[in-house]
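What follows is a short report on a single structure.
The values are calculated or read from the model by the stated rules, or taken from the named source; none is laboratory data. Since we're looking at a predicted model, the values are computed, not measured. Heads up, the Cβs are rebuilt from the backbone with ideal geometry, glycines too, and the neighbour counts pull from every protein chain shown.
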Amino acid sequence: MKRILIAFMIAFLMPAIANAQWLRGWRYVAPSPCANGQCPTPATKQEPKREETKEPEHTTEEIPEVETTPPAETLSVSRSRFSAPSLEIADACDQILDRLEARYGKPRAWKPFPIFFRRYMGNGIAGYTQYGGGEVCEVVVYEPLENAVGGTLDHELTHAFFFYLLNSNFDLFLNEGLAQNSEYRRRESLRQTVYRRYSNGEFWELDRLYGRNSYDGGLLIYHEGFSVVDFLIARGGSLWITAFMNELVKTSDVDRTLFRYYGYKNLKELQTAWIDYIERGQDRQTVGAVR
């Protein structure tokens, strides 16, 4: 009888026990997915795709301390007159400055300045020289080195050179004229531009450009400045124009200094002789030397 009762209880209660999930605790546990030894590969959670944001060009980003990549404008080469991004650029700059010193004389002292090569901004500016606190702050060129030598690099280094040679950021008209004159690869094309603009009646009277110290819309200050300096060098040579510029910076008396060094009483007389130089083909060999 007991055996029959026990068998009856087992038969009646086991299905109920098997279906009673709460007996495993207060948390529902799902059946193991690894039944029969087959465990599915867990799905990898996909991060939502981030839309790439393009940083605006020429912004200054803070470099983390752990960053090992050097900044784009590392000045790795230091010389007595400047610092430059590479040995190739430094050697080219040394050659230009040596040539300027041999041509015009040596400055009494140099304060080393940085030279940067940057990507062209698309605004028509090929380079610039910045001054401040009685020294050259930086020279910047927006061209590759191979294009800048004999052109923009020589131009900007001439600005820096004359700043220290004359101890002054002098009159813009003559300043740009001397810098343009250093662009030896463009000298003949500049002469052609001068003749074209003169023939078209575009040129101003010299006294409108000398002492102006701001750029005109047609950039005559570059072309006329180049041509006047070209003419004055033809008359007296490079060291002569240095002596002329030294006295002009000290006295600020352009008429007196012109007469002393070139025999012209004023800018009007200089203009007459300079226009004659243009009309005769801008040939330095035909210009009479200073007596």
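The set of residues in segment 250-270 that are surrounded by fewer than 18 Cβ atoms within 10 Å (Cβ to Cβ) and of a type outside the set (Ser, Thr, Tyr) comprises Lys250, Asp253, Asp255, Arg256, Phe259, Arg260, Gly263, Lys265, Asn266, Lys268, Glu269. In segment 247-262 there is at least one residue that is closer than 15 Å to Leu166 by Cα, in contact with a Phe, Trp or Tyr (Cβ under 7 Å, 6 or more places away or on another chain), of a type outside the set (Asp, Glu) and part of a helix (DSSP H, G or I). Of all residues in segment 202-247, those that are in contact (Cβ under 8 Å) with a residue 60 or more places away in the chain and either among the β-branched types (Val, Ile, Thr) or touching an Asp or Glu at 6+ places or on another chain (Cβ under 8 Å) (or both) total 3. Selection over segment 258-291 of residues that are of a type in the set (Val, Ile, Thr) and over 22 Å from Ser182 (Cβ atoms) gives a count of 3. Which members of segment 205-237 meet the condition of being under 17 Å from Tyr277 (Cβ atoms) and over 29 Å from the mean Cα position of the chain (by Cα)? Across segment 205-237, the qualifying residues are Glu205, Leu206, Phe231, Leu232, Ile233, Ala234, Arg235, Gly236, Gly237. Against the test of being surrounded by 14 or more Cβ atoms within 10 Å (Cβ to Cβ), small (Gly, Ala, Ser), over 19 Å from Val290 (Cβ atoms) and not assigned by TED's automatic domain parsing to the domain that holds Gly105, the options Gly217, Gly236, Gly225 yield a single qualifying residue, Gly225. When segment 168-201 is filtered for residues that are among the polar types (S, T, N, Q) and in contact (Cβ under 8 Å) with a residue 12 or more places away in the chain, the ones remaining, listed by number, are Ser168, Asn169, Asn175, Gln180, Asn181, Ser182, Thr193.
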